[in-house]
Amino acid sequence: MTAQPTFTEQPLLEVRDFQVELITDAGIIRAVDSVSFSIHRGETVTIIGESGSGKSTTAMGILRLLPEDLAVLSGTVLIDGVDITADPKAIDKVRGKTLALIPQDPMTALSPVHSIGSQLFEAIRIAGAASAKDKGALQARAVRLLEQVHIPTPEKQLKKYPHQLSGGMLQRVLIAIALASEPQLLVADEPTSALDVTVQGGILDLLLELQEQRGIGILMITHDLGVARLISDRIHVMKDGSFVESGEVQQIVDHPATDYTRALLAAVPVLGPWDETPAAAPGRHAANATGSSATSDPALTQTGAKP
Amino acid sequence: MTNYILKRLGQGLLTVFLTVSTVFILIRMAPGDPAVSYAGPLASNEQLAAVREQFGLDRPVLEQYWIFLQQLFTGNLGQSYSFQAPAMQVVAERMPYTLTLATAAILLTAVVAIPLGVWMSRRPDTGKELGVNVLTIAGQSMPDFWTGIMLLTGFAVLVPIFPASGFATWGGLVLPTITIAILQIALISRMVRREMTNNLAAPFLTVARSRGVRSSALTWRYAMGNSAIPVFTALGTRFAAMLNGVVVVEVVFAWPGVGSLIVRALETRDYPLIQATVLLTALLAVGVQLLIDLAYPLLDPRVRLGKAATA
Ligand SMILES: Nc1ncnc2c1ncn2[C@@H]1O[C@H](COP(=O)(O)OP(=O)(O)OP(=O)(O)O)[C@@H](O)[C@H]1O
Ligand SMILES: [Mg+2]
């Protein structure tokens with residue numbers, strides 16, 4: 001473990017010895033095995049690992065979105081000081097309030113028979129940001145949220161149904177829905193993996209921008225080191241349910257301690273010519289230069305070449 | 001949209017036409033003679049011949065068909081032999097009874113099957129759910145004449161709460177309605193459960209849960225909202241089928257609807273009455289089916305708005 005920056009405030013998310021056991025037909029699987037980490041305001045912490053290593057199970061376990069009868073959680077998860085493992089009801093106090101999820105596949109994440117507007121209004125109502133009766137206030141708030149995620153002609157989009165929007169637009173809508181409650185902590189499970197490469201950068205930029213404006217903490221799940229490098233402060237490398245390596249982005253990328261991490265790094269070059277055209281990659285991600293994340297241009301351009 | 005409606009309407013009318021034409025031929029191919037049923041077994045050959053001439057049955061079948069087509073066009077299918085009244089009118093008088101029974105049965109089905117299916121989907125693999133599940137399988141496999149006779153014996157004979165037959169009071173509606181609904185409830189509740197189980201496991205439900213949507217809204221607004229379309233379609237189709245398919249129940253309960261009417265018409269070889277019954281019930285069923293098709297886009301924005309382009 002690397003020395004973490006010392007914070008006097010309590011972390012937004014503190015996970016200690018977190019375990020998730022899944023009851024499956026084949027028996028009990030310990031999908032998450034004693035992981036510990038924390039996220040403070042304005043920080044992005046990334047969990048990276050191969051497929052099946054337990055990343056999603058960790059994220060969904062923290063949100064208590066795993067089926068209650070098939071997933072056994074243990075350890076401690078404090079969300080803004082509220083322990084959600086000890087008391088199953090406690091999660092209701094944070095979901096849609098301090099805590100929000102950005103899902104992996106925006107195309108299936110909204111109800112197809114309900115309009116964008118009705119699903120966004122609902123989120124605003126749950127957050128208590130506007131009363132259910134005040135239609136004007138609801139509408140105004142919804143439009144402002146869509147503007148914040150740079151959706152053109154927001155009034156029009158509210159009337160549309162999910163199938164009428166592209167994947168990139170839907171992910172922006174989902175981010176707007178997540179922001180309805182002014183959350184302090186966002187959990188993003190591969191938020192760009194289902195999207196076209198051309199819109200992935202835009203979504204990551206948006207997350208960084210929001211983080212800078214509001215000091216949101218982000219738990220990012222990805223198997224894409226390019227994404228991790230771009231936005232993370234710290235990375236935890238996951239394998240078979242536990243962290244094999246943790247530390248600052250740059251340190252992990254420059255000096256991977258395990259063969260497993262080296263293998264993950266070696267998988268990166270498919271992403272593009274990071275080393276050949278230093279300006280190309282960061283150029284598309286404008287927010288990166290000003291972002292609050294620890295990533296900086298040199299990190300992007302220097303490290304990609306190293307296997 | 002107008003094109004679509006016209007096309008469906010045309011298809012529907014063609015179906016009705018083919019149905020009545022087939023019935024026209026089949027009843028004339030089947031054994032039995034209307035003149036014999038009309039004049040009685042003791043009638044002389046001359047008497048029978050006179051009756052046949054009166055009904056126009058002495059003419060070649062093609063000519064009879066031509067007359068039938070003309071009648072079809074004017075909407076007057078001739079006199080019923082046994083009722084001595086216009087066949088269409090006889091059927092039209094019976095129609096409200098069948099409509100009442102079918103409406104009552106489909107309402108009871110919806111009111112019981114939807115909550116039951118939802119309940120089963122929310123408590124999968126519990127003892128109670130298994131019990132209800134077994135009951136629905138039983139309900140699905142009970143023949144309706146058997147259900148009808150059991151209910152009759154139970155609640156009209158042994159414990160006489162409801163009348164055994166006819167529609168003299170609203171109480172008479174209870175047993176035939178239940179008899180029809182048992183099978184429908186069994187089928188529809190299992191369908192609701194299947195749809196709900198799928199939608200409760202859908203990604204959009206997990207995402208909605210993550211933003212703090214309460215469990216009742218998850219079940220009804222999201223899972224039911226997405227299950228409603230196929231369930232509504234199934235209920236509509238079953239309703240359309242009941243309009244010409246509750247024969248057994250109508251006979252068991254002596255219900256004065258078109259189902260018992262057609263049995264009588266077939267027994268007496270009352271050709272005009274058979275044809276009028278088939279025509280009207282087929283028209284009604286096709287009409288209901290068309291309404292369901294038209295309601296579909298209202299329920300499903302993906303159909304209504306098409307696969308539109310990006311934002
Ligand atoms: N519903 C389930 N039933 C049985 N096993 C499961 C289930 N969900 C996850 N697992 C198991 O739990 C482990 C962790 O899975 P998880 O989905 O968390 O991995 P992941 O790191 O998110 O992978 P990916 O990159 O493919 O999304 C895997 O071994 C997987 O097989
Ligand atoms: Mg995953």
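The values are calculated or read from the model by the stated rules, or taken from the named source; none is laboratory data. All values reported here derive from a predicted model rather than from experimental measurement. Neighbour counts run over all protein chains shown; Cβ positions are idealised from the backbone, glycine included.
Residues of the range A:126-158 being within 10 Å of chain B (Cβ to nearest Cβ) and part of a helix (DSSP H, G or I), which ones?
If the condition is that a residue be within 10 Å of chain B (Cβ to nearest Cβ) and part of a helix (DSSP H, G or I), then A:Ile126, A:Ala127, A:Lys156, A:Gln157 are the ones that fit.
Name, by its number, the condition in (1) closer than 20 Å to A:Val45 by Cα; (2) surrounded by fewer than 20 Cβ atoms within 10 Å (Cβ to Cβ); (3) of a type outside the set (Asp, Glu); (4) within 14 Å of chain B (Cβ to nearest Cβ) that does not hold for A:Gly167.
The one condition A:Gly167 does not meet is (1).
Is it the case that A:Gly117 is more than 22 Å from B:Ala201 (Cα to Cα) and touching a helix residue (DSSP H, G or I) at 6+ places or on another chain (Cβ under 9 Å)?
Taking the combined requirement at face value, the residue satisfies it.
If a residue must be under 23 Å from B:Ala234 (Cα atoms) and more than 20 Å from the chain's Cα centre (by Cα), how many such residues does the range B:130-157 contain?
7
Using the structure shown, decide if A:Ser118 is without any contact (Cβ under 8 Å) to a residue 12 or more places away in the chain, polar (S, T, N, Q) and either surrounded by 18 or more Cβ atoms within 10 Å (Cβ to Cβ) or more than 20 Å from A:Val94 (Cα to Cα) (or both).
yes
Which helices (runs of 4 or more DSSP H) does the range B:123-223 wholly contain that include 2 or more residues that are surrounded by fewer than 19 Cβ atoms within 10 Å (Cβ to Cβ), in contact (Cβ under 8 Å) with a residue 24 or more places away in the chain and away from chain A (no Cβ under 12 Å)?
B:127-141, B:144-152, B:174-200
Being farther than 17 Å from A:Leu186 by Cα and either among the β-branched types (Val, Ile, Thr) or away from chain B (no Cβ under 14 Å) (or both) is the filter here; which residues of the range A:51-82 pass it?
Selection gives A:Ser51, A:Gly52, A:Ser53, A:Gly54, A:Val72, A:Leu73, A:Ser74, A:Gly75, A:Thr76.
Find the residue count for the range A:184-214, including only residues that are touching a Pro at 6+ places or on another chain (Cβ under 7 Å), at pLDDT below 90 and buried (at least 19 other Cβ atoms within 10 Å of the Cβ).
1
Exactly one condition in (1) within 21 Å of A:Pro88 (Cβ to Cβ); (2) within 16 Å of ligand 2 (Cβ to nearest atom); (3) in a loop (DSSP other than H, G, I, E, B) is false for A:Arg64; which is it?
For A:Arg64, the failing item is (2).
Filter the range A:85-111 for residues that are at pLDDT 90 or above and touching a Lys or Arg at 6+ places or on another chain (Cβ under 6 Å) and give the result.
Listed by number, the list holds a single entry, A:Ile91.
Restricting the range A:181-214 to residues that are assigned to a loop (DSSP other than H, G, I, E, B) and small (Gly, Ala, Ser), which is nearest to the other protein chains (Cβ to nearest Cβ)?
A:Ser181
Can you name the condition, by its number, that A:Gly42 falls short on among (1) away from ligand 1 (no atom under 16 Å from the Cβ); (2) in contact with a Leu (Cβ under 8 Å, 6 or more places away or on another chain)?
Failing condition for A:Gly42: (2).
Here is a check on your reading of the model: is A:Thr57 surrounded by 14 or more Cβ atoms within 10 Å (Cβ to Cβ), of a type in the set (S, T, N, Q) and away from ligand 1 (no atom under 13 Å from the Cβ)?
no
Being of a type in the set (A, V, I, L, M, F, W, C), under 28 Å from B:Leu298 (Cα atoms) and within 8 Å of another protein chain (Cβ to nearest Cβ) is the filter here, so list the residues in the range A:99-125 that pass it.
Correct list: A:Ala109, A:Leu110, A:Val113, A:Ala123.
Of the residues B:Thr2, B:Thr19, which single one is surrounded by fewer than 15 Cβ atoms within 10 Å (Cβ to Cβ) and of a type in the set (S, T, N, Q)?
B:Thr2
Go through the range A:215-232 and give me each residue that's in a loop (DSSP other than H, G, I, E, B) and either crowded, with 22+ Cβ neighbours inside 10 Å or within 16 Å of ligand 1 (Cβ to nearest atom) (or both).
Hits for the range A:215-232 are A:Ile216, A:His223, A:Asp224, A:Ser232.
With the requirement that a residue be part of a strand (DSSP E or B) and closer than 23 Å to A:Ile29 by Cα, what does the range A:72-87 give you?
A:Val72, A:Leu73, A:Ser74, A:Gly75, A:Thr76, A:Val77, listed by residue number.
Here are some conditions: (1) modelled with pLDDT under 70; (2) among the hydroxyl-bearing types (Ser, Thr, Tyr); (3) closer than 14 Å to A:Ile48 by Cβ. A:Thr261 meets all but one. Which one does it not meet?
It fails just one condition, (1).
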